[in-house]
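Below is one structure, written out as structure tokens; the observations come after it.
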Amino acid sequence: MTKIPDAIFKQALNIGRPPNIKKLFPNSKALIISGKFIDMAMLTKGNAITIAANARSSFVIRGVLKAAQRVNSALIIEIAKSEGGSDAYCSTNYWNIARRVDAFCNELNITVPVAVHADHYGIKNREDIEKAKVEIPSIFDAGITSIAVDASHMPDDQNLLASIELNAQIPEWASLETEVGEIKGKFGLSTVEEALFLIQGLNAHHIFPNWIALNNGTIHGIEASGQGIQVELTAEIHKALKPYNISGAQHGTSGNSSERLRQIATQTRTTKANVATALQMVSWGLEVNDFGNAILDKNGEFKKVKNEGVSEQLWEQMKSYADKQSWKGGNYKKLNLPFENKLLAQPEKIRNRMVDRVEAFVYDMLANVFNSQDTASIVVDDILKAGSYDPVQQAEPIENKEEWTPEKIREKAKSITSDKGPDGDFDD
């Protein structure tokens, strides 16, 4: 893999860091940037995706940074509202994630560009919108450089209207993700009609997201349905959206085979792939298959690999705690917050093997599945060409704003045929 020359890196560091990052970390050597550059780099290379790693623990952050450095890949590190919002179940949150990324980049001498993404900033009602008007600026003040405004839990017209209303709270230089259809596996699959409605309406208001997330057949957490990513559906929607120059954000990757993820890379316009549960399980030392899905024993319990990940003694404590809370399967994610300090208090050898396990898993994904080698160099070149922390806008206004007033949006939405699927806990 190509290493970015020191002189070139210093130029990119001076130019590419957005104002909030320069203000927070004036003496830093961490190249924290807008995700716009990362999306562009994946498109330039072609058939390339980077991991958007959910930073549920400091071990995950360290491991993914080390892997990306080895592959010379641009990287996204993120946390979702349920994981790191005001009611978080992880110690990493919207307000400290940039500080952790910056600190670890400097400590580990990481030179690849990294975007810090607020994933699934969920909007479910009017109250959430009003709260977001205060909270979204606060997370950019804390170093976020990219955001996913996720109002997909609401009807299509309300999703679009909320996204338009909140756009004023997002810096123009920041990368933006939008979502249509909650991520809930085989239920409520997204349609071309729904995706076009959302993107056309945003375009009319001169809002140009970098990514759209779909319900294309996957779930958050542990994949058990066997449904997996619907590659043809994804490709069909991306083709319909081509005039709007928007890329795909693939959620729920943990339960999909490497081959299917390669198909997403080669057959769709996906440039961002969220990985969360797999990294958590790998860091803990649980037995997983080649694409990160935890393997369960005949009793439906996780299988711990001896002398890998956390210590055997601490794993027993974690299991006991989960049992007392009646947590099973995917709900083991709630162990992150109460056990972060206990995990950090382990001997250095054990802490290092947790990080090393994440690094090995992510290295393989970036190098052998997602084809993101050397995209870090592309990002740096693009920063120097732009001469700015904000690249030239890739999309252009196509739609007529007069045809997308609130009244007309509500009227247009009445004709959309969609299946939102069942109600339930589909956060993350």
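With Ser254, Ser283 as the choices, which residue is assigned to a helix (DSSP H, G or I) and at pLDDT below 85?
Details: Ser283 fails: at pLDDT below 85.
Matching residue, one of Ser254, Ser283: Ser254.
Restricting to the stretch 10-39, count the residues that are among the hydrophobic types (A, V, I, L, M, F, W, C) and within 16 Å of the chain's Cα centre (by Cα). Show your work before the answer.
Taking the stretch 10-39 and keeping what is among the hydrophobic types (A, V, I, L, M, F, W, C), we get 12-13, 15, 21, 24-25, 30-33, 37-38.
Now restrict to residues that are within 16 Å of the chain's Cα centre (by Cα): 32-33, 37-38.
Qualifying residue count for the region: 4.
Do any helices (runs of 4 or more DSSP H) lying entirely in the stretch 314-428 carry at least 3 residues that are in contact with a Cys (Cβ under 8 Å, 6 or more places away or on another chain), and which ones are they? Give the steps one after another, and end with the answer.
Working: elements: 336-344, 348-364, 375-386, 406-413.
Helices (runs of 4 or more DSSP H) meeting the threshold: 336-344.
Between Val116, Val149, which is in a strand (DSSP E or B), within 14 Å of Glu165 (Cα to Cα) and touching a helix residue (DSSP H, G or I) at 6+ places or on another chain (Cβ under 6 Å)? Step through it out loud before you land on a result.
On the way: Val116 fails: within 14 Å of Glu165 (Cα to Cα).
Exactly one of Val116, Val149 is in a strand (DSSP E or B), within 14 Å of Glu165 (Cα to Cα) and touching a helix residue (DSSP H, G or I) at 6+ places or on another chain (Cβ under 6 Å), namely Val149.
Give me the residue from the stretch 389-402 that is over 17 Å from Ser163 (Cα atoms) and surrounded by fewer than 14 Cβ atoms within 10 Å (Cβ to Cβ) and, out of that set, farthest from the chain's Cα centre (by Cα). Even if it seems obvious, please write down each step before you answer.
Filtering the stretch 389-402 down to residues over 17 Å from Ser163 (Cα atoms) leaves 389-396, 398, 400, 402.
Add one more test, that the residue is surrounded by fewer than 14 Cβ atoms within 10 Å (Cβ to Cβ), and what stays is 392-393, 396, 398, 400, 402.
Working: Val392: 23, Gln393: 21, Glu396: 25, Ile398: 28, Asn400: 31, Glu402: 33 Å.
Looking at residues that are over 17 Å from Ser163 (Cα atoms) and surrounded by fewer than 14 Cβ atoms within 10 Å (Cβ to Cβ), I get Glu402.
Among the residues in the stretch 377-394, are any modelled with pLDDT of 95 or more, aromatic (Phe, Trp, Tyr) and closer than 27 Å to Asp6 by Cβ?
Yes, the conditions are met somewhere in the stretch 377-394.
Residue-wise test of (1) in contact with a strand residue (DSSP E or B) (Cβ under 7 Å, 6 or more places away or on another chain); (2) hydrophobic (A, V, I, L, M, F, W, C); (3) at pLDDT 95 or above.
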| residue | (1), (2), (3) |
| --- | --- |
| Asp141 | no, no, yes |
| Ile147 | yes, yes, yes |
| Ile170 | yes, yes, yes |
| Asn203 | no, no, yes |
| Pro209 | yes, no, yes |
| Ala213 | yes, yes, no |
| Ile219 | no, yes, no |
| Ile222 | yes, yes, no |
| Val231 | no, yes, no |
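Condition (residue is over 19 Å from the mean Cα position of the chain (by Cα) and hydroxyl-bearing (Ser, Thr, Tyr)) applied to the stretch 111-120: is it met by at least one residue? Even if it seems obvious, please write down each step before you answer.
Initially, the stretch 111-120 is screened for residues over 19 Å from the mean Cα position of the chain (by Cα), giving 111.
Cutting the leftovers down to hydroxyl-bearing (Ser, Thr, Tyr) gives us 111.
Looking through the stretch 111-120, at least one residue is over 19 Å from the mean Cα position of the chain (by Cα) and hydroxyl-bearing (Ser, Thr, Tyr).
When Phe291 is evaluated against the numbered criteria (1) in a helix (DSSP H, G or I); (2) modelled with pLDDT under 95; (3) of a type outside the set (S, T, N, Q), which criterion, by number, is the only one it fails?
(1)
For every residue, the table says whether it meets (1) touching a Lys or Arg at 6+ places or on another chain (Cβ under 8 Å); (2) in contact (Cβ under 8 Å) with a residue 40 or more places away in the chain; (3) β-branched (Val, Ile, Thr).
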{"position": "Ile147", "(1), (2), (3)": "no, no, yes"}
{"position": "Leu160", "(1), (2), (3)": "no, yes, no"}
{"position": "Ser163", "(1), (2), (3)": "no, yes, no"}
{"position": "Leu166", "(1), (2), (3)": "yes, yes, no"}
{"position": "Glu193", "(1), (2), (3)": "no, yes, no"}
{"position": "Leu198", "(1), (2), (3)": "no, yes, no"}
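Just the residues that are within 14 Å of the chain's Cα centre (by Cα) and crowded, with 21+ Cβ neighbours inside 10 Å, please, taken from the stretch 61-91.
Quick first cut of the stretch 61-91, residues within 14 Å of the chain's Cα centre (by Cα) only: 61, 64, 74-84.
Selection gives Ile61, Val64, Ala74, Leu75, Ile76, Ile77, Glu78, Ile79, Ala80, Lys81, Glu83, Gly84.
Do we find a residue being modelled with pLDDT under 95 and within 23 Å of the chain's Cα centre (by Cα) anywhere in the stretch 344-354? Steps first, answer last, please.
Here is the first cut: in the stretch 344-354, the residues modelled with pLDDT under 95 are none.
So far as the stretch 344-354 goes, no, none of its residues is modelled with pLDDT under 95 and within 23 Å of the chain's Cα centre (by Cα).
Given the condition under 19 Å from Ser372 (Cβ atoms) and β-branched (Val, Ile, Thr), answer yes or no: does some residue in the stretch 81-100 qualify? Spell out how you get there, then give the answer.
Residues of the stretch 81-100 that are under 19 Å from Ser372 (Cβ atoms), as a first pass: none.
Checking the stretch 81-100: not a single residue is under 19 Å from Ser372 (Cβ atoms) and β-branched (Val, Ile, Thr).
Tally time: how many residues in the stretch 258-277 are touching a residue at least 40 places away in the same chain (Cβ under 8 Å) and not in a loop (DSSP other than H, G, I, E, B)?
Taking the stretch 258-277 first, the residues touching a residue at least 40 places away in the same chain (Cβ under 8 Å) are 258, 261-262, 264-266, 269-277.
Of the ones still in play, those that are also not in a loop (DSSP other than H, G, I, E, B) are 258, 261-262, 264-266, 270-275, 277.
Total meeting the criteria: 13.
Which ones in the stretch 329-352 are closer than 16 Å to Ala278 by Cα and of a type outside the set (Phe, Trp, Tyr)? Walk me through it before giving the result.
Here is the first cut: in the stretch 329-352, the residues closer than 16 Å to Ala278 by Cα are 329-336.
Correct list: Gly329, Gly330, Asn331, Lys333, Lys334, Leu335, Asn336.
Test of understanding: among Lys272, Lys298, Lys242, which residue is loosely packed, with under 13 Cβ neighbours inside 10 Å, modelled with pLDDT of 95 or more and not aromatic (Phe, Trp, Tyr)?
Going through Lys272, Lys298, Lys242 in turn, just one is loosely packed, with under 13 Cβ neighbours inside 10 Å, modelled with pLDDT of 95 or more and not aromatic (Phe, Trp, Tyr): Lys242.
Failed condition for Thr277, given (1) modelled with pLDDT of 95 or more; (2) buried (at least 24 other Cβ atoms within 10 Å of the Cβ); (3) not aliphatic (A, V, I, L, M), with all others met?
With respect to (1) modelled with pLDDT of 95 or more; (2) buried (at least 24 other Cβ atoms within 10 Å of the Cβ); (3) not aliphatic (A, V, I, L, M), Thr277 is out only on (1).
If you scan the stretch 119-145, which residues turn out to be assigned to a loop (DSSP other than H, G, I, E, B) and crowded, with 16+ Cβ neighbours inside 10 Å? Before you say what the answer is, go through the steps one by one.
First pass over the stretch 119-145, keeping only residues assigned to a loop (DSSP other than H, G, I, E, B): 123-125, 142-145.
Hits for the stretch 119-145 are Ile123, Ala142, Gly143, Ile144, Thr145.
Which condition from (1) among the acidic types (Asp, Glu); (2) under 20 Å from the mean Cα position of the chain (by Cα); (3) exposed (fewer than 13 other Cβ atoms within 10 Å of the Cβ) is the one that Asp323 breaks?
(2) is the only condition that Asp323 fails.
Please specify each residue of the stretch 137-153 satisfying the condition of being within 17 Å of the chain's Cα centre (by Cα) and more than 16 Å from Ile77 (Cα to Cα).
So the first thing to find is which residues in the stretch 137-153 are within 17 Å of the chain's Cα centre (by Cα), and the list is 139-140, 143-152.
Selection gives Val149, Asp150, Ala151, Ser152.
Scan Lys124, Lys133 and give me the residue that is closer than 27 Å to Gly181 by Cα, touching a helix residue (DSSP H, G or I) at 6+ places or on another chain (Cβ under 9 Å) and of a type in the set (D, E, K, R).
Details: Lys124 fails: touching a helix residue (DSSP H, G or I) at 6+ places or on another chain (Cβ under 9 Å).
Within the list Lys124, Lys133, the selection yields Lys133.
The values are calculated or read from the model by the stated rules, or taken from the named source; none is laboratory data. Here the structure is a predicted model, which is why all the values come from computation and not from measurement. Note that each Cβ is placed from the backbone with ideal geometry, even for glycine, and that neighbours are counted across all protein chains shown.
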